[in-house]
Every structure is written in C-alpha cells, then in structure tokens.
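Please read the structure below before turning to the comments.
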Amino acid sequence: MTLPAPFDHPRAVPAAIALVSAAALAAALIAEHVFGLAPCALCHYQRYAYVAALLLGLLGLFLNPRLLVALAGLAFVTGMGIAAFHVGVEQGWWQGTAGCSAPAFDLNATVDQMRESLLNTDFVACDKVAWSLFGISMAGYNALFSAIFALASFAAAAKMEDKESA
C-alpha cells in the first residue's frame with residue numbers, strides 16, 4: 001500500500017498557494033506591527049501580488065485549479081518584479097516611484113505649515129533598507145521567494161495539465 005504524494009489531490013496546490021500567500025502577508029504584517037518595520041510604498045505594492053495569489057489559490061479550490069494555479073504563478077512573477085525593482089531602488093541603481101519621494105511643499109507655505117505637513121504625513125523612503133540578513137534586504141528575500149513560488153506554481157500547473165491530458 002502506497003500513500004499518495006501530498007500534491008496529487010487537484011485542490012492541494014491551490015490550497016498550498018493560498019497558505020504560502022497568507023503566511024507571507026502575515027509575516028509582513030508582523031514585521032510592521034510587532035517589530036515596528038514601517039513599510040514604504042513599494043513594500044505595500046509587493047503585498048498586492050500575495051493578495052492576488054491568495055485569492056487565486058482560494059478560487060482554485062472551487063474552480064479550474066490548473067488555470068488558477070498558472071495565474072497565481074503570474075501573480076508571483078509580478079511580485080518578484082516589484083521586489084526586484086525595490087532592490088534596485090535600495091541599491092541606488094534607479095529612482096523609485098512617486099510614492100517613494102517625500103511630499104512636495106507649497107513654496108508659499110510658512111515654516112509652521114511645512115512642519116505640520118511633515119508631522120502629519122506618513123512617509124517611509126523606499127531607498128532605505130529597514131532590515132537585512134546576510135546583506136539581503138526584505139525586498140531581496142521577497143524577490144527570491146516570489147521567484148521560487150512562481151516556478152513551483154508553473155511546474156504544478158504543467159503537471160496538472162499532463163495528468164488531465166493523460
């Protein structure tokens with residue numbers, strides 16, 4: 001008697017995608033709210049890819065899992081691209097988006113108005129590394145993990161296709 005491989009069930013891969021995406025989002029929220037690592041605009045954009053993959057994984061539990069797993073792979077590729085772009089901003093290879101810059105001031109404003117504007121604006125620069133391990137920032141790790149999740153999603157979708165056509 002042999003036990004089935006863990007991902008042989010057609011709903012296992014979408015469930016794994018949803019679980020991995022939820023874990024990544026939870027890690028980002030823990031880093032933010034427990035450890036005080038304030039996210040920049042690009043950090044927020046990276047989360048959207050995980051939200052999309054989470055939703056696609058959940059939909060894959062009920063609808064065409066092969067298609068939704070492949071779409072989740074595209075969501076991970078998108079997240080990888082945003083994370084890689086963020087690494088480039090951190091390294092000074094290029095400039096970030098408009099949300100990465102401090103707010104512009106009205107040149108006719110008084111010093112008190114400018115101070116008040118700064119104090120009331122939540123701004124985190126995208127080019128500052130808030131945390132790193134072995135010289136790799138959170139954005140760098142996110143790019144790496146997103147690439148792995150994308151490849152795994154595409155491989156699983158291809159395997160699902162092979163099973164259905166056989």
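The values are calculated or read from the model by the stated rules, or taken from the named source; none is laboratory data. Here the structure is a predicted model, which is why all the values come from computation and not from measurement. For neighbour counting, all protein chains shown are included, and Cβ atoms are generated from backbone atoms with ideal geometry for every residue, glycine included.
The table for this structure:
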{"quantity": "Cross-chain or 6+ apart pairs with Cβ under 6 Å, region 9-36 first and within 14 Å of residue 60 (Cα to Cα) and touching a residue at least 12 places away in the same chain (Cβ under 8 Å), then part of a helix (DSSP H, G or I) and among the small types (Gly, Ala, Ser)", "calculated": "13/156; 14/57; 14/60; 17/53; 17/57; 17/72; 18/57; 21/53"}
{"quantity": "Cross-chain or 6+ apart pairs with Cβ under 6 Å, region 124-135 first and within 18 Å of residue 96 (Cα to Cα), then in a loop (DSSP other than H, G, I, E, B) and basic (Lys, Arg)", "calculated": "none"}
{"quantity": "Some residue of region 71-87 being at pLDDT 95 or above, among the polar types (S, T, N, Q), crowded, with 19+ Cβ neighbours inside 10 Å and assigned to a helix (DSSP H, G or I)", "calculated": "no"}
{"quantity": "Unique match (being at pLDDT 90 or above and surrounded by fewer than 20 Cβ atoms within 10 Å (Cβ to Cβ)) among 152, 125", "calculated": "152"}
{"quantity": "Residues that are outside any loop (DSSP other than H, G, I, E, B) and not small (Gly, Ala, Ser), drawn from region 37-52", "calculated": "42, 43, 44, 45, 46, 47, 48, 50, 51"}
{"quantity": "Selection count, region 53-65, where residues are out of contact with any Leu (no Cβ under 8 Å at 6 or more places or on another chain) and either in a helix (DSSP H, G or I) or under 17 Å from residue 23 (Cα atoms) (or both)", "calculated": "4"}
